[in-house]
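The values are calculated or read from the model by the stated rules, or taken from the named source; none is laboratory data. Since the structure is predicted, the reported quantities are computational estimates derived from the model, not experimental observations. Here the Cβ positions follow ideal geometry from the backbone for every residue, glycine too, while neighbour counts run over all protein chains shown.
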């Protein structure tokens with residue numbers, strides 16, 4: 001089976017196979033000469049643990065948001081859920097360029113080119129500012145049409161979603177700039193700083209949730225709008241902290257207004273060359289997710305509220321794969337800058353092993369304690385029972401999801417973003433919504449059918465990413481990208 005899939009992947013236009021410098025070979029998991037397993041695992045954990053804590057706390061804050069909102073009723077859960085995909089769609093442009101920024105900063109860090117790494121950060125921040133301003137204006141103006149398009153079923157959910165999304169757009173630029181600073185810091189392996197300022201933002205968010213959603217300490221009860229204001233105020237706090245961090249003190253990455261902010265076309269092209277395939281991947285993913293979400297929304301308010309709860313819980317499990325993917329991306333990029341493809345693959349394989357072990361523990365928790373976890377969001381018996389059965393499916397796909405995130409992170413660190421874009425197109429745009437519509441509209445399997453489709457997506461995506469990684473082609477793309485960066 002693996003040979004057949006690898007043959008298919010090799011036939012796709014994933015990259016230029018010319019001048020492969022003898023690197024087009026299968027991946028080996030041998031320990032590079034002169035390096036110990038202990039040192040490899042130490043480097044991985046050093047970057048991953050702050051990212052894991054940061055992402056986990058961020059998601060726990062998101063869960064706390066939804067739990068507090070959920071006490072307002074199923075309509076409120078649905079309202080917040082209807083804004084998720086439009087907001088991610090608006091984030092596509094700058095998030096994709098952040099992938100290019102992380103990869104290029106990592107390469108220059110590995111090559112010892114500090115000024116070039118700082119220039120990449122400045123160029124990325126200017127692009128983000130432009131993209132975020134455009135997206136926030138469009139998001140505010142077209143909030144209602146976007147929510148209607150997502151399939152709002154009743155006036156209460158519709159009105160709540162529009163208000164929530166418009167408030168989010170007011171803080172969109174600050175959130176976007178912070179994400180670019182985070183991307184640059186991860187490129188140099190500094191995940192600890194992002195953990196600190198995001199933790200600070202999360203604490204602010206949770207406190208303000210309590211104050212603004214229900215109306216405490218003399219503040220009015222703002223409901224869903226209060227949750228949105230709490231989120232953007234927390235994001236602004238993170239932006240101020242991140243900005244001060246890179247502007248003051250002696251840091252590897254340093255932002256000074258005395259430096260040139262003139263567009264540097266060669267460096268912008270390097271970011272864009274890596275970022276464009278990632279943007280296509282993100283657009284394809286958003287399109288598939290929107291079709292999928294609209295399909296689920298057709299099942300009604302209770303089903304969609306349950307779906308939103310389970311998606312939020314599943315997102316907690318993403319933090320494992322995403323945190324170790326940060327390690328994979330950063331260490332692969334830095335190994336590229338040092339011309340050490342053997343180190344890059346050693347880091348990738350060992351990062352995958354750690355992530356897999358953590359994923360098994362998460363799977364056990366979801367399988368046996370699903371009802372209790374869902375109950376924290378809403379105590380409606382229908383939501384609790386249905387959510388618990390969905391979380392058993394989520395438990396099944398944990399190891400697959402973790403491995404896929406980590407290896408895809410390694411491929412992105414190598415600049416092999418075209419491969420991941422094609423894989424995303426196949427799985428998220430075709431497989432997931434296609435199977436979901438078949439199981440919901442034809443076989444009438446309801447919400448369980450939608451989640452079986454999601455498991456099928458994750459399974460196929462894991463197989464394709466693993467086959468691409470094992471092919472060794474990414475090493476060729478990685479070396480050529482490094483030569484351009486030098």
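Within region 338-346, does at least one residue satisfy the condition of being more than 30 Å from residue 108 (Cβ to Cβ) and over 19 Å from the mean Cα position of the chain (by Cα)?
no
Keeping to region 228-285, report how many residues are buried (at least 21 other Cβ atoms within 10 Å of the Cβ) and at positive phi.
0
Output the residues belonging to region 64-86 that are out of contact with any helix residue (DSSP H, G or I) (no Cβ under 6 Å at 6 or more places or on another chain) and part of a helix (DSSP H, G or I).
67, 84
Does residue 349 fit the bill of being within 17 Å of the chain's Cα centre (by Cα), part of a helix (DSSP H, G or I), at pLDDT below 90 and over 30 Å from residue 66 (Cβ atoms)?
Details: within 17 Å of the chain's Cα centre (by Cα): no; part of a helix (DSSP H, G or I): yes; at pLDDT below 90: yes; over 30 Å from residue 66 (Cβ atoms): yes.
Here the answer is no, as residue 349 does not meet what is asked.
Is it true that some residue in region 47-65 is on the phi > 0 side of the Ramachandran plot and at pLDDT below 80? If you could, list the steps in order and put the result at the bottom.
If we filter region 47-65 for residues that are on the phi > 0 side of the Ramachandran plot, which is where we start, we get none.
No.
For region 186-201, which residues satisfy the criterion of being closer than 19 Å to residue 122 by Cβ and under 16 Å from the mean Cα position of the chain (by Cα)?
Correct list: 186, 187, 194.
Need pairs with beta-carbon distance below 6 Å; first residue on the phi < 0 side of the Ramachandran plot and buried (at least 23 other Cβ atoms within 10 Å of the Cβ) and within region 464-477, second part of a helix (DSSP H, G or I) and at pLDDT below 75; sequence gap 6+ or separate chains.
Qualifying pairs under 6 Å: 468/9.
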